[in-house]
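Taking it in order: structure first as structure tokens, then the write-up.
Here, each number is a calculation from the coordinates, and none is a lab measurement. Just so we're clear, the structure is a prediction, and the values are computed from it rather than from any experiment. Cβ placement follows ideal geometry from the backbone for every residue including glycine, while neighbour counts extend to all protein chains displayed.
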Amino acid sequence: MHQPLAWNSDIRSGRTKRCTVTTILMKIIPTFVHGVLDYIMGIALLLAPNLFGFADVGGAAVMVPRIVGVVILLQSIMTAYELGVVKVLPMKVHLMNDYVVSIFLAVSPWLFGFADNRTNVWLPHVVVGIAILGTTLMTKTAAPVAATR
């Protein structure tokens, strides 16, 4: 059995709870802010090949950020948080998808073989992937109850 990293006392309830890696990482980003970042990042990824000047390269280098951008936007529209429209996707599932998408985006230059291209072709994938991963790690796992309706 794994040993807990530390034990913390919850002063309000008087109970002792296990402190895990997840609780050590500060969940400081509210779901509303995460939602704003989702929409900004989705649009930025759609435009990334043109913004960073690698639209002419074609192939996976161009298609990966555009597909990921569409996935992020569709997921945001469907998430049960303040900026969701349809609100059918739980926030925890949204965050799990963000973990997968962020790692996929960060490793895509090597996965699809365009890491040997100019730096402006592969570096945005890595930087944005790591940024999404960091944001996801720091996002609260539940939206306020009123936001999920």
Exercise for the section: State, as an integer percentage, the relative contact order of the stretch 28-148 based on alpha-carbon contacts under 8 Å between residues 6 or more apart. Expected result: 32 percent
Handout entry: If the convex hull is drawn through the Cα atoms of the stretch 28-148, its volume per residue in Å³
Key = 83 Å³
Fill in the blank from the handout: Total charge of the residues flanking Ala80 in space, meaning their Cβ is under 14 Å from its Cβ, with Lys and Arg +1 and Asp and Glu -1, is +2
Handout entry: Distance in nm between pseudo-label sites at Ala60 and Asp116 (7 Å out along the Cβ direction from Cα)
Key = 1.3 nm
